[in-house]
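> Structure in structure tokens, see below.
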Amino acid sequence: MRKKIVAGNWKMNTTPAEGVELAKGIVALKGEVCPSVSFIVAPPFTHLTEVMNVIKGSGIALAAQNCAAEAKGAYTGEVSARMIASIGAEYVILGHSERREYYGETSETLNKKMVQVFENGLSPIYCVGEKLEEREAGKHFDVVRAQIEEVIFKLTPEQFEKTVIAYEPVWAIGTGKTATADQAQEIHAFIRGVLAEKFGAKAENTAILYGGSAKPSNAAELFAKADVDGGLIGGASRVAADFIAIGKGF
């Protein structure tokens with residue numbers, strides 16, 4: 001049975017003190033959700049350690065929003081996967097559309113980051129997804145296939161088993177637009193089919209998260225679809241009650 005995952009990407013929001021309070025709120029409410037649902041929080045680098053101290057022992061996992069492509073060295077401003085692992089984090093978000101768009105991250109860059117993630121015992125949450133113009137041009141399947149083939153197909157079967165995929169319709173991030181549940185299911189099923197071409201039956205066990213504007217009001221409809229295994233949540237993850245309510249959508 002595939003994992004049910006609700007992951008919160010806080011992006012460049014919250015101070016350390018605000019992040020601690022948010023984490024405390026999530027911990028306090030987590031008991032309202034079925035224990036089969038896994039929660040992950042991804043605060044900014046500045047307060048990963050403080051949030052880890054809050055969630056320790058709660059069953060909530062910690063993720064970083066990014067990591068360096070190199071192991072160590074003269075890379076001012078970068079944070080290595082080893083540093084992230086050393087504080088108890090379990091996951092790293094890679095390939096988010098904002099990283100691709102604003103910072104020019106390519107498949108070549110992401111392949112290097114994948115190496116660092118696995119060498120340090122972490123698991124990637126790998127994001128794929130198309131822009132509005134790509135969907136309108138009917139290229140969304142081609143775009144998503146390429147993002148998978150250029151990075152995920154380079155993993156070993158053992159590495160693939162530790163990988164979470166997040167589909168994010170870029171046109172639905174921060175816009176208030178949401179893919180319909182049927183649109184989400186269509187592309188999630190396509191992603192699972194592409195993964196199966198390389199990894200066979202292992203693809204059936206891979207969690208594929210929806211990364212658009214998921215919120216308490218639409219979570220249940222999205223999560224009811226056969227190939228939607230949870231969400232990578234943005235804005236709603238920064239309100240503890242909303243984040244937990246999304247988890248109740250299963």
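The values are calculated or read from the model by the stated rules, or taken from the named source; none is laboratory data. Small disclaimer: the values here were computed from a predicted structure and weren't measured. For neighbour counting, all protein chains shown are included, and Cβ atoms are generated from backbone atoms with ideal geometry for every residue, glycine included.
> Test Cys34 against the criterion of being touching a residue at least 40 places away in the same chain (Cβ under 8 Å), surrounded by 15 or more Cβ atoms within 10 Å (Cβ to Cβ) and touching a Lys or Arg at 6+ places or on another chain (Cβ under 9 Å), and give yes or no. Quick ask: steps written out before the conclusion?
Numbers: touching a residue at least 40 places away in the same chain (Cβ under 8 Å): yes; surrounded by 15 or more Cβ atoms within 10 Å (Cβ to Cβ): no; touching a Lys or Arg at 6+ places or on another chain (Cβ under 9 Å): yes.
So Cys34 does not fit the description; no.
> Follow-up question, since we're still on this one. Restricting to the range 74-99, count the residues that are small (Gly, Ala, Ser) and free of Cβ contacts under 8 Å to residues at least 12 places away in the same chain. Working first, answer last.
Taking the range 74-99 and keeping what is small (Gly, Ala, Ser), we get 74, 77, 80-81, 85-86, 88-89, 95, 97.
Then drop every residue that is not free of Cβ contacts under 8 Å to residues at least 12 places away in the same chain, which leaves 74, 77, 86.
Residues flagged as small (Gly, Ala, Ser) and free of Cβ contacts under 8 Å to residues at least 12 places away in the same chain within the range 74-99 amount to 3.
> Would you mind finding the one in Asn66, Asn111 that is surrounded by fewer than 18 Cβ atoms within 10 Å (Cβ to Cβ), modelled with pLDDT of 95 or more, under 26 Å from Ile173 (Cα atoms) and not small (Gly, Ala, Ser)?
Asn111
> Being under 16 Å from Tyr167 (Cα atoms) and among the charged types (D, E, K, R) is the filter here; which residues of the range 89-103 pass it?
From the range 89-103, those under 16 Å from Tyr167 (Cα atoms) are 92-101; that's our starting set.
The answer is Glu98, Arg99, Arg100, Glu101.
> Looking at the range 43-52, is at least one residue β-branched (Val, Ile, Thr), in contact (Cβ under 8 Å) with a residue 24 or more places away in the chain and loosely packed, with under 15 Cβ neighbours inside 10 Å? Show your work before the answer.
Residues of the range 43-52 β-branched (Val, Ile, Thr): 46, 49, 51.
So of that shortlist, the ones also in contact (Cβ under 8 Å) with a residue 24 or more places away in the chain come out as 46, 49, 51.
Narrowing further to those that are loosely packed, with under 15 Cβ neighbours inside 10 Å: 46.
The answer is yes; a qualifying residue exists.
> Filter the range 120-141 down to residues that are out of contact with any helix residue (DSSP H, G or I) (no Cβ under 7 Å at 6 or more places or on another chain) and in a loop (DSSP other than H, G, I, E, B), then give me how many there are.
Of the residues in the range 120-141, 3 are out of contact with any helix residue (DSSP H, G or I) (no Cβ under 7 Å at 6 or more places or on another chain) and in a loop (DSSP other than H, G, I, E, B).
> Tell me, please, whether a residue that is assigned to a helix (DSSP H, G or I), of a type in the set (A, V, I, L, M), buried (at least 16 other Cβ atoms within 10 Å of the Cβ) and modelled with pLDDT of 95 or more can be found in the range 157-172. I'd like the intermediate steps shown before the answer.
Restricting attention to the range 157-172, the residues satisfying the condition of being assigned to a helix (DSSP H, G or I) are 157-161, 170-172.
Adding the requirement that they be of a type in the set (A, V, I, L, M) leaves 170, 172.
Subset that is buried (at least 16 other Cβ atoms within 10 Å of the Cβ): 170, 172.
Keeping just the survivors that are modelled with pLDDT of 95 or more gives none.
Checked the range 157-172: no residue is assigned to a helix (DSSP H, G or I), of a type in the set (A, V, I, L, M), buried (at least 16 other Cβ atoms within 10 Å of the Cβ) and modelled with pLDDT of 95 or more.
> Looking at (1) closer than 23 Å to Ala219 by Cα; (2) touching a strand residue (DSSP E or B) at 6+ places or on another chain (Cβ under 9 Å); (3) in a loop (DSSP other than H, G, I, E, B), which is the only condition Gly8 fails?
Unmet for Gly8, out of (1) closer than 23 Å to Ala219 by Cα; (2) touching a strand residue (DSSP E or B) at 6+ places or on another chain (Cβ under 9 Å); (3) in a loop (DSSP other than H, G, I, E, B): (3).
> Would you please name the residue that is nearest to Ile5 (Cα to Cα), looking only at residues in the range 217-250 that are out of contact with any Gly (no Cβ under 7 Å at 6 or more places or on another chain) and among the β-branched types (Val, Ile, Thr)?
Once the filter is applied, the top-ranked residue is Val228.
> Further question: Those residues that are aromatic (Phe, Trp, Tyr) and not in a helix (DSSP H, G or I), I need them from the range 61-119; list them, please. Step through it out loud before you land on a result.
Going residue by residue through the range 61-119, those that are aromatic (Phe, Trp, Tyr) are 75, 91, 102-103, 118.
Across the range 61-119, the qualifying residues are Tyr75, Tyr91.
> While we're looking at this one, here's another question. Can you tell me how many residues within the range 80-101 are surrounded by 15 or more Cβ atoms within 10 Å (Cβ to Cβ) and in contact with a strand residue (DSSP E or B) (Cβ under 7 Å, 6 or more places away or on another chain)?
The total comes to 11.
> Kindly establish whether Val151 is at pLDDT 95 or above and within 15 Å of Gln65 (Cβ to Cβ). Steps first, answer last, please.
Numbers: at pLDDT 95 or above: yes; within 15 Å of Gln65 (Cβ to Cβ): no.
Criteria not met by Val151.
> Let me confirm something: among Ala28, Ala7, which residue is within 23 Å of Phe250 (Cα to Cα), surrounded by 24 or more Cβ atoms within 10 Å (Cβ to Cβ) and modelled with pLDDT of 95 or more? I'd like the intermediate steps shown before the answer.
Details: Ala28 fails: surrounded by 24 or more Cβ atoms within 10 Å (Cβ to Cβ).
Result of the check over Ala28, Ala7: Ala7.
> All but one of (1) in a helix (DSSP H, G or I); (2) in contact with a strand residue (DSSP E or B) (Cβ under 6 Å, 6 or more places away or on another chain) hold for Ala146; state the number of the condition that does not hold.
Ala146 satisfies all of (1) in a helix (DSSP H, G or I); (2) in contact with a strand residue (DSSP E or B) (Cβ under 6 Å, 6 or more places away or on another chain) except (2).
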